[in-house]
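Only one structure is covered here, and it is reproduced in the block below.
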Amino acid sequence: MKKLMLWMMALVALAGGALHAQDITGTWQGTLKAGKDLRLILVVSKDDGRLQAKMYSIDQGADPFKASSISQDGSAVKFALDIIGGTYEGKLSTDGNTIAGTWTQGNTPLPLDLARATKETAWEIPAPPPPPKLMAADADPSFDVATIKPNNSGATSMQRLTINGRDFKTVASSLADLIQFAYNVQSKQVVGAPDWVDKDRYDIAGTPDQEGAPSTEQLRIMIRKLLADRFQLKFHHDKRELSAFVLTVGKGGEKLTPTQLKGPLPGIGMQPGKSGPMFVLRNAAIPDFTGFLQLLVLDRPVVDNTGLTGRYDFTVTFTPDDSLFNGHPPPFPKPADGVEPAPGLFDAIQQQLGLKLAAEKTQVDVLSIDHVEKPSAN
């Protein structure tokens, strides 16, 4: 009997050691070879017994990405970062100190092995950058210096419109693109313009004449002044009944995640996803999303009737059709064989965001162009 008890106690001790070894909470690190080496740090913790995680790409910045899900089933470890369209699947070693696995972002799986970090081996997580100094809320900025150069690349759509700190840049923008962004309207809301307004494209760079990072509205003000000064733009407002898309909250409620970032400007882009292209939005208000849709994606105005006032981090993975992007969708790769394609854009917005985009006729503001000229010299 005594031998039996000792044998059972030994089994309990071994089981306890195995359970401890299989605990994945803690800090893990590994190098992803994606064109260049990227050091990644995964911090896993528990909240009310549930796993949660955040990942740092320390060679790209200090801001963490919160995992949208993480799970462990025996030695199988999985986590996903929906905000960047990334997933990881790996196998935990028997000693619980390494995970051998694969990182997938878009259609490109890459090997990624993670090792449990110790005090001696742990990489330093960079300190977060200080919050950007914001432009005064009552500032009325202009461009201090702005250069406008013709873009003869053959691009048929705007390639970039960004402000990095105080440096504004746009690539392959038509004057129509700039008007639409500056006044937050869609192309059908700009009437009476000559053909070159849509066809001629420009690269523009500039900095504001006041200190601090501008808000979205202050950036629009700067571009409006540039259009009046360098393109001699003059117009008047009118009202017309147009077919538009109206965005509302679906019956089941919105499915949006409050942003992890701080700052006055959103980040909006596109990248390939496993089942289709992805819109990636960070620190974005809903009007930023509807403005993006009507500027680059859809063929009519988009009206925000959600009543949502926060800023969010979210993605939309969808399958484009010929009605989007003026019939010229970005050349992203198709899903791999065996991967079910994402739904169309309208269904994707409803399923993934809990928002509904529906067509209806409504009265909208239009800008009727009275006068415009090709840009003056730098």
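If you average the alpha carbon positions of segment 75-131 and of segment 317-378, how far apart do those two centres end up, in angstrom?
Computed from Cα coordinates, the inter-centre distance equals 33 Å.
Roughly speaking, to the nearest percent, how much of the chain's 1.4 Å accessible area is carbon and sulfur?
52 percent
For D299 and H236, what does the FRET efficiency come to when R0 = 22 Å and r is the distance between their Cβ atoms, rounded to the nearest 0.05?
0.35
Is there a pair in K54/K119; K46/K255; K133/K374; K149/K334; K36/K119 whose C-alpha atoms are over 30 Å apart, and which pairs would that be?
The answer is K133/K374; K149/K334.
Run the quick spin-label model on N326 and R220: label points 7 Å from Cα toward the beta carbon, then report their separation in nm to one decimal.
2.1 nm
Given the peptides 219-230, 359-370, 122-133, arrange them by the average over their residues of other C-beta atoms within 10 Å, most packed first.
Taking the mean over residues of other Cβ atoms within 10 Å, the ranking is 219-230, 359-370, 122-133.
Which FRET efficiency value, to the nearest 0.05, do you get for D73 and E211 by plugging their Cβ-Cβ distance into 1/(1 + (r/R0)^6) with R0 = 51 Å?
0.45
Note down the accessible area of H237, probe 1.4 Å, to the nearest 10 Å².
Surface accessible to solvent at H237 totals approximately 110 Å².
Rounded to the nearest 5, what % of DSSP beta bridges with both residues in the chain are antiparallel?
Around 95 percent of the beta bridges assigned by DSSP in the chain are antiparallel ones.
Report the accessible area of W103, computed with a 1.4 Å probe over the heavy atoms of all protein chains in place, in Å² rounded to the nearest 10.
The accessible area of W103 comes to roughly 10 Å².
Tell me, what ³J(HN,Hα) does each residue in segment 324-335 have, in order and in whole Hz, if you take phi through Karplus 6.51 cos²θ - 1.76 cosθ + 1.60 with θ = phi - 60° and put x for Gly and Pro?
Karplus-based 3J(HN,Hα) across segment 324-335 equals 9, 6, 6, x, 10, x, x, x, 7, x, 6, x Hz.
Using modelled amide H (1.01 Å from N, peptide plane; none on Pro or chain starts), what sits under 5 Å from the amide H of V249, excluding residues fewer than 5 places away?
Here K356 satisfy the definition.
At a Förster radius of 35 Å, what calculated FRET efficiency corresponds to the Cβ-Cβ distance of D37 and K334, to the nearest 0.05?
0.75
Can you give the calculated 222 nm mean residue ellipticity of the chain, where each DSSP H run of n ≥ 4 adds -39,500 (n - 2.57) and the sum is split over every residue, rounded to the nearest 500 deg cm²/dmol?
-5000 deg cm²/dmol
Could you please report the charge total around K334, scoring K, R as +1 and D, E as -1 over all other residues with beta-carbon less than 14 angstrom from its beta-carbon?
In short, -2.
Taking the Cα of A139, stepping 7 Å toward and past its beta carbon, and measuring to each backbone N in segment 191-221: which are under 16 Å?
The answer is 206-221.
Give, as a single signed number, the net charge of other residues whose beta carbon lies under 10 Å from the beta carbon of T104, with Lys and Arg counted +1 and Asp and Glu -1.
Overall, the nearby charge balance is 0.
Just to make sure I understand: if all protein chains stay in place, what is the order of I268, I148 by accessible area at 1.4 Å, largest first?
The most accessible residue leads, giving I268, I148.
Based on C-alpha coordinates, I'd like the Rg and Dmax of the chain, in Å.
Cα only, the chain: 25.4, 101 Å (Rg, Dmax).
With a 1.4 Å probe and all protein chains kept in place, how do F279, F235 rank by accessible area, largest first?
Result, largest first: F235, F279.
Can you return the aspartates and glutamates within cross-link range of K361? Criterion is Cα-Cα under 13 Å, with same-chain partners fewer than 8 residues away left out.
Within the straight-line cut-off, K361 pairs with E241.
The values are calculated or read from the model by the stated rules, or taken from the named source; none is laboratory data. Predicted model, so just to flag it, every value in this text is computed and none were measured. Because the Cβ atoms are built from the backbone with ideal geometry, glycine has one as well, and the counts that use them run over all protein chains shown. Heads up: the accessible areas ignore ligands, DNA and RNA and are worked out on the full protein's heavy atoms, side chains in. Shrake-Rupley method; radii C 1.70, N 1.55, O 1.52, S 1.80 Å.
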